[in-house]
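The values are calculated or read from the model by the stated rules, or taken from the named source; none is laboratory data. For clarity, every value in this text was computed on a predicted model and none was experimentally measured. So basically every Cβ, Gly included, is an ideal-geometry build from the backbone, and we count neighbours across all protein chains shown.
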Amino acid sequence: MTTQPTDIPKTVPITTFTAFAQRADYSLLDSLQADPQATVDGDDHSPRQVFSGHYVPVTPTKLAEPVYVAHSSTLFNELGLGEELVHEEHFLRLFSGDISVATEPMRPYGWATGYALSIYGSEYIQQCPFGTGNGYGDGRAISVFEGLFNDKRWELQLKGGGPTPYCRGADGRAVLRSSVREFLAQELMFALGVPTSRSLTLYASRSETVRRPWYSPGSSSFDPDILVNNPAAISTRVAPSFLRVGQVELFARRVRKQAHPRALDELRTIVMHLIARNYRGEINPALEFSEQVLQLARLFRARLTALVANWIRVGFCQGNFNSDNCAAGGYTLDYGPFGFCELFDPRFQPWTGGGEHFSFFNQPQAAEANFHMFWTALRPLLADSKQALVRLDQIREGFEAAMAGALEAMWARKLGLAAPDAELGNGLLALMDAAKADYTIFFRKLSAMPEQISALQESFYGLISPELDRQWSQWLQRWRDRITAQGNLSETCAAMKRVNPAITWREWLVAPAYEHAAQGDTSLLAELQNVFRHPYEALSPALAAKYDRLKPQQFFNAGGVSHYSCSS
């Protein structure tokens, strides 16, 4: 196994591809088992069943005539990479899909992983082309690098890197539209303080296009109504690992079905790897394995409940929170059919295929369903200890209370309260619904401690009747009385502004960025990167006039803006 070189000071940026390659350290490839039916060289691009093993070696497919679109200065700096690398030939070629540039100690192939699908706690195999569940996994995501940067382990994965054995009849590509959305969303979520996978680079092709269903200009259709040729693109997403609940679940299903003699060993190995990759600092490897599993369940529960509370705090709706889109490390992973709530609606769901069960305020229940599948997957590992199973079951039974506690604490922070107040909070949500409040603008204005409802008027899409005005006045008075009784108003105001962002993602402002990028103009994308970099700080008057305003009427019910399919 390679190790991080000790002769390169952390303060010196990595500015050459050779120096970058020296950071390679492949814990996944060294610790887990490859599919025994896989090829040695990674030339494995046709859909097929994968019956065992934790990953499939596979080479990405390079973009034709790649061109730079964007990179994250923040993440480059965090990894210790010089920003000039983004235009260096070998670096550009690698992260646009050409792994032939790999030099030792890098591996000359990437890897894709299989996982199971559970939707809201129900196992599914219908989407598997073989009807077995053995064909479900990374269809367009290929990891190409794992390494140590400033003493932290990161995995770098190409989204849109070409076909893998898990492609369900598609080509493994991603379009520039969805790639820009994922790139910007990861930037924003990180800046908002929400645990998330990250964006490193985004390259597109000058000549290669991908045909996908989408919406015609001005369409109000629910489903896409035309086919559109989009520039093919590859974004590099970065995370401590890309291990998912669905991945652990896959191996547990094979144990239950006695799919092959090594099934239990494969489950144990993937869980040990998960602990090493995502919980090393919190779980002592010297403990008995059963105790490590119990600590894993408890820690993941804490991370997952905190994550979902954070999503609701900033108005994020994942849209498709299946077990395969749930990172077992407890951070946001999937940026396919996501959206941010503008007009407050507990039932907000931007994805046309998502249904109400994955809507904005149903995310805690979706999280519990995913935790249930995680709990189910861990149980075979503790089958020899009734006491350990009892303790694991208690952790599962405590999920609802843990989720409630995380939400109560979050709402208290948004309202500037020293302690949760369900009556005050629920009353506010009812009033916001009645007044058709903009979720982000409202809470930011509330952070200024208004005395009159007139100070909140600019956050309402609807008209305020005299009766509603009276109810608002009563609520504001009760809330201000609570805040005043706590003491220092200026400190409370500042604390509220640290959890209630000044700006949010507004799809009608993001769409022009990817539309212009498709024509070679990335200026709007760069502007959004700048706006999203400090979301809790007030914008300049010029940027505020553009980005801090209510959604115009013409974008309500607009296909591709108010709602969209997962045509990535």
Legend entry - Count - residues of the stretch 536-561 that are of a type outside the set (Lys, Arg), out of contact with any Gly (no Cβ under 9 Å at 6 or more places or on another chain) and part of a loop (DSSP other than H, G, I, E, B): 11
Inset, instruction - State whether the residues of the stretch 278-294 include one that is under 21 Å from the mean Cα position of the chain (by Cα) and either over 21 Å from Asn370 (Cβ atoms) or at pLDDT below 95 (or both). - result: no
Inset, instruction - Take the stretch 83-137 and flag every residue that is under 15 Å from Ile14 (Cβ atoms) and either surrounded by fewer than 17 Cβ atoms within 10 Å (Cβ to Cβ) or hydroxyl-bearing (Ser, Thr, Tyr) (or both). - result: Glu83, Glu84, His87, Glu88, Thr103, Pro105
Legend entry - Tally of residues being over 14 Å from Phe358 (Cβ atoms), in contact with a strand residue (DSSP E or B) (Cβ under 9 Å, 6 or more places away or on another chain) and part of a loop (DSSP other than H, G, I, E, B) across the stretch 305-334: 5
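Here's the yes/no breakdown for (1) at pLDDT 95 or above; (2) closer than 23 Å to Ile119 by Cβ; (3) in contact with a strand residue (DSSP E or B) (Cβ under 7 Å, 6 or more places away or on another chain):
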residue: Glu356; (1), (2), (3): no, yes, no
residue: His372; (1), (2), (3): yes, yes, no
residue: Leu381; (1), (2), (3): yes, no, no
residue: Phe399; (1), (2), (3): yes, yes, no
residue: Trp411; (1), (2), (3): yes, no, no
residue: Ala422; (1), (2), (3): yes, no, no
residue: Ala435; (1), (2), (3): yes, no, yes
residue: Ala455; (1), (2), (3): yes, no, no
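Does the stretch 417-457 hold any residues that are in contact (Cβ under 8 Å) with a residue 40 or more places away in the chain and not aliphatic (A, V, I, L, M), and which are they? Give the steps one after another, and end with the answer.
Restricting attention to the stretch 417-457, the residues satisfying the condition of being in contact (Cβ under 8 Å) with a residue 40 or more places away in the chain are 417-418, 421, 424, 427-429, 431-433, 436-444, 446-449.
Residues satisfying the conditions are Asp421, Gly427, Asp433, Lys436, Asp438, Tyr439, Thr440, Phe442, Phe443, Arg444, Ser447.
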Legend entry - Thr209 vs. criteria farther than 26 Å from Met410 by Cβ and assigned to a strand (DSSP E or B): yes
Legend entry - Qualifying residues in the stretch 29-81 (those that are over 26 Å from Val271 (Cα atoms), crowded, with 18+ Cβ neighbours inside 10 Å and among the small types (Gly, Ala, Ser)) - the one nearest to the chain's Cα centre (by Cα): Ser72
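Filter the stretch 17-28 down to the residues that are within 15 Å of Glu104 (Cβ to Cβ) and either surrounded by 15 or more Cβ atoms within 10 Å (Cβ to Cβ) or free of Cβ contacts under 8 Å to residues at least 40 places away in the same chain (or both) and list them by number.
Step one: filter the stretch 17-28 for residues within 15 Å of Glu104 (Cβ to Cβ), giving 17-26.
Residues satisfying the conditions are Phe17, Ala19, Phe20, Ala21, Gln22, Arg23, Ala24, Asp25, Tyr26.
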Inset, instruction - Filter the stretch 474-509 for residues that are of a type outside the set (Ser, Thr, Tyr) and free of Cβ contacts under 8 Å to residues at least 40 places away in the same chain and give the result. - result: Gln474, Leu476, Gln477, Arg480, Asp481, Ala485, Gly487, Asn488, Glu491, Ala494, Arg498, Leu509
Legend entry - Residues located in the stretch 427-441, provided they are closer than 20 Å to Asn310 by Cβ and surrounded by fewer than 20 Cβ atoms within 10 Å (Cβ to Cβ): Leu429
Legend entry - Answer from Arg244, Arg277, Arg237, Arg211 - the residue that is closer than 30 Å to Lys62 by Cα and surrounded by fewer than 14 Cβ atoms within 10 Å (Cβ to Cβ): Arg211
Inset, instruction - Could you please give the count of residues in the stretch 394-403 that are out of contact with any Phe, Trp or Tyr (no Cβ under 7 Å at 6 or more places or on another chain) and either in contact (Cβ under 8 Å) with a residue 12 or more places away in the chain or hydroxyl-bearing (Ser, Thr, Tyr) (or both)? - result: 5
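Could you please give the count of residues in the stretch 397-448 that are charged (D, E, K, R), assigned to a helix (DSSP H, G or I) and within 16 Å of Trp472 (Cα to Cα)? Quick ask: steps written out before the conclusion?
Narrowing the stretch 397-448 to residues charged (D, E, K, R): 397, 400, 408, 413-414, 421, 423, 433, 436, 438, 444-445.
Among the residues that remain, those that are also assigned to a helix (DSSP H, G or I) are: 397, 400, 408, 413-414, 423, 433, 444-445.
Add one more test, that the residue is within 16 Å of Trp472 (Cα to Cα), and what stays is 423, 433, 445.
Residues in the stretch 397-448 being charged (D, E, K, R), assigned to a helix (DSSP H, G or I) and within 16 Å of Trp472 (Cα to Cα): 3 in total.
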Inset, instruction - Write out, first by first residue and then by second, each pair whose Cβ atoms fall under 8 Å of each other, whose residues are 6+ apart or on separate chains, and whose first residue, in the stretch 540-567, is under 18 Å from Thr504 (Cα atoms) while the second is among the basic types (Lys, Arg). - result: Tyr547/Arg506; Lys551/Arg506
Legend entry - Subset of the stretch 459-473 that is outside any loop (DSSP other than H, G, I, E, B) and either touching a strand residue (DSSP E or B) at 6+ places or on another chain (Cβ under 9 Å) or touching a residue at least 40 places away in the same chain (Cβ under 8 Å) (or both) - its residue that is surrounded by the fewest Cβ atoms within 10 Å (Cβ to Cβ): Gln471
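Inspect all residues belonging to the stretch 419-428 and state whether any of them is touching a Cys at 6+ places or on another chain (Cβ under 9 Å) and on the phi < 0 side of the Ramachandran plot. Even if it seems obvious, please write down each step before you answer.
Narrowing the stretch 419-428 to residues touching a Cys at 6+ places or on another chain (Cβ under 9 Å): none.
For the stretch 419-428, residues touching a Cys at 6+ places or on another chain (Cβ under 9 Å) and on the phi < 0 side of the Ramachandran plot: absent.
Would you check if Ala367 is in contact (Cβ under 8 Å) with a residue 12 or more places away in the chain and under 19 Å from Thr305 (Cα atoms)?
Spelling it out, Ala367 is indeed in contact (Cβ under 8 Å) with a residue 12 or more places away in the chain and under 19 Å from Thr305 (Cα atoms).
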Legend entry - Single condition Pro512 does not satisfy, out of (1) free of Cβ contacts under 8 Å to residues at least 40 places away in the same chain; (2) under 20 Å from the mean Cα position of the chain (by Cα): (2)
Legend entry - The one condition in (1) part of a helix (DSSP H, G or I); (2) not assigned by TED's automatic domain parsing to the domain that holds Asp469 that Asp384 fails to fulfil: (1)
